[in-house]
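Every read-out reported here was derived from the displayed coordinates using simple, explicitly stated rules and does not represent laboratory data. Nothing here was measured: the structure is a model prediction, and the numbers come from that model. Cβ coordinates were reconstructed from backbone atoms using ideal geometry, including for glycine residues, and neighbour counts include every protein chain displayed.
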Amino acid sequence: MAASQNKQGSGKSAPFSLELKGVSKSFGPIQANKDIDLGVVRGTIHGIVGENGAGKSTLMNILYGLHRADTGTMSVNGQEVSIRSSADAIALGIGMVHQHFMLVPRFSVIENVMLGSEGGLLLREGRDQTLMRLKDLSDTYGMHVDPHALVEDLNVGNRQRVEILKALKHGADILILDEPTGVLTPQETEQLFEILTSLREAGKTVLMITHKLEEIMAITDNVSVIRRGQIVGHRETSKTSTQELAELMVGRSVLLEVDRGISNPGDAAIAVQNLTSINEVGVKTVDDISFDVRAGEILGVAGVSGNGQTPLMEMLAGMLKPTAGRIEMLGETLTPDHYLDPNALREKGLGHIPEDRHHHGLILDFTAQENMVFGYHHGPQTGAGWLMTPRSIQDHTQALMDKFDIRPPKPDLPARNFSGGNQQKIVIAREMHPNPKILIVGQPTRGVDVGAIEFIHKQLIALRNEGCAIILISVELDEVMSLSDRIIVMNDGHIVGALPNAEFDEKRIGLMMAGIAEDAA
């Protein structure tokens, strides 16, 4: 069982708020969880780590009543329980914040929090009680959100606060967080950790699923590692390391920092001049920026999310027409009056790994093999001539699943049935396989485990070494610094600085991300 040491310094043994014994779950021939034994000490933050597809989310869904275990027992506060639905879990004091939030965007904060506990036909009394409860919870845990704001108008960090407030309002003493920092900025992550610390100090128990080992070391008391559906280790966080956890997750030694080697850049493959984008409400999201990227080079774009990186990437990928300026690439000069769509750019040799895999990278209800050929369905991977043959598509997908270690390796499985990290690997495999001349990459390792991060980083370096020009956009500053040959830093739609690899400095780049110009930084 997991150790009982608590970061609050009591050093005393405490009873388990949650205990699992021999829990197993299969989906047809796929064994998602096998003989799971887990004990979580009350009033601690317990990390659950493992590779994509290792069974972490399945286990949490069993705890929350979204799946039912085939075998095994569960106990809450020392009492054996049967959890057949999320209503059972909520009644037992278990709340869950999913990786992809379960909120109604067009409802207000208070309306989302009230859902499921409206208080009868007359909503006024339930609404008034909810407002009072929200204020109490916000004051207690430092989670202030305007109760009357529409969820669709909130940033990601505040949407997550609404999910946590909703769980607490329903009486959660055990809170499950699935990849809670996957879409947060560094500042929002820091704020989340302050909230989790207050929850722990109030005696709440938190289970945190994450692939970010640095965050496990920073916030958890204990950590359990799942590999291929089985628990392979429990550790007190203070007595382990990121290297040990990575090796437990993958079953082998893992390079936590990629070996970039020396780049050998050629001629400019992309030249951006005075590029500007004005959105539908008249705001300049990209403001008169210029830069170039050479063949055989990785240019990193650093910046806090929302400072122009997304519209820049969409203009380069043909998804968004610029308001002014020009882009020279792939033998074309693209301007507001002459612009190519994503399909035309793809045919000329552009690959694009979008930031949002669900909205722009995949059709979740289609199979993996269908998603694997989107945009490339006229190529040789779908068969000879103009006719697509199912066997060719299946064989192509199976080969890429083996190469990119996509689990489960089932081409006919709908994309929504894969874990978030394996969904990401489907997109990456599709866009990297054709060996593009230019690759636009947005958040390549969002929601991806440490072993897959190592693999993806190696693939990006290999593409660079073959002469591909790569633009890498990531909110993970460590990732940008470890992969890039040069970095440009964006703030408020402007480029505030540019640095070659030899001059990378985290503090200096951080100041530029905050809007302090390069010379001042």
- Fraction of alpha-carbon pairs over 41 Å apart in the chain - percent: 24
- Note on the structure: Rounded to two decimals, the Rg over Rh value of segment 179-276 from Cα coordinates and the Kirkwood Rh reads 1.14
- Calculated FRET efficiency, Ser86 and Phe27, Cβ-Cβ r, R0 25 Å, to nearest 0.05? 0.85
- Message: With an 8 Å Cα cut-off and a minimum separation of 6 or more residues, compute the relative contact order for the chain in percent.
- Response: 15
- Query: Taking every DSSP beta bridge that has both residues in the chain, what percent is antiparallel when rounded to the nearest 5?
  - Reply: 55
- How large is ³J(HN,Hα), in whole Hz, for each residue of segment 72-81 in order, when computed from phi with the Karplus curve 6.51 cos²θ - 1.76 cosθ + 1.60 and θ = phi - 60°, using x for Gly and Pro? x, 10, 10, 10, 10, 6, x, 10, 5, 10
- Message: Quick check: Cα centre of segment 350-391 to Cα centre of segment 498-517, how many Å?
- Response: 38
- Query: Considering the dipole of segment 309-442 built from charges on the beta carbon (Lys and Arg +1, Asp and Glu -1) around the Cα centre, which of Ser392, Gly379, Pro322 is farthest to its positive end?
  - Reply: Ser392
- Query: Per the Debye formula with a single identical scatterer at each Cα and no solvent contribution, what log10 I(q)/I(0) holds for segment 154-219 at q = 0.19 Å⁻¹?
  - Reply: -0.72
- Would you mind putting 171-181, 191-201, 338-348 in packing order, based on average other-beta-carbon counts within 10 Å, highest first? 171-181, 191-201, 338-348
- Item | Entries of Lys34/Lys166; Lys34/Lys212; Lys34/Lys410 with Cα pairs more than 26 Å apart | Lys34/Lys166
- Task: Could you name the aspartates and glutamates whose alpha carbon sits less than 20 Å from that of Lys239, not counting residues in the same chain fewer than 8 places away?
- Result: Glu214, Glu215, Asp221, Glu247
- How long is the gain from Met102 to Asn343 if the chain were fully straight, where each residue apart is worth 0.36 nm and the alpha carbon distance is subtracted? 83.5 nm
- Query: What dipole magnitude, in Debye to the nearest 20, does the chain give about its Cα centre under +1 on Lys/Arg Cβ and -1 on Asp/Glu Cβ?
  - Reply: 1460
- For segment 19-28, what does the Karplus curve 6.51 cos²θ - 1.76 cosθ + 1.60, with θ = phi - 60°, yield as ³J(HN,Hα) per residue in whole Hz, taken in order and with x for Gly and Pro? 9, 10, 9, x, 7, 10, 8, 10, 10, x
- Might you report the magnitude of the Cβ-based charge dipole of segment 137-213 about its Cα centre, with Lys and Arg at +1 and Asp and Glu at -1, to the nearest 20 debye? 200
- P(r) over all Cα-Cα pairs of segment 327-437, 10 Å bins from 0 to the longest distance, whole percent per bin, short to long, reads 14, 43, 30, 11, 1
- Message: Using only the Cα atoms of segment 246-285, what are the Rg and Dmax in Å?
- Response: 21.0, 52
- Query: Dipole of segment 427-507 (Lys/Arg Cβ +1, Asp/Glu Cβ -1, origin at the Cα centre): which of Val441, Ser484, Ala502 lies farthest to the positive side?
  - Reply: Val441
- Per-residue ellipticity at 222 nm for the chain, helices alone: DSSP H runs ≥ 4 residues times -39500 (n - 2.57), over residue total, nearest 500 deg cm²/dmol? -9000 deg cm²/dmol
- So who's got an amide H within less than 5 Å of the one on Leu439, skipping anything under 5 residues away but keeping other chains? H placed 1.01 Å off N, in plane. Gly351, Ala469, Ile470, Ile471
- Query: Near Lys169, which lysines are there with a Cα under 25 Å away, not counting those fewer than 8 places off in the same chain?
  - Reply: Lys135, Lys204
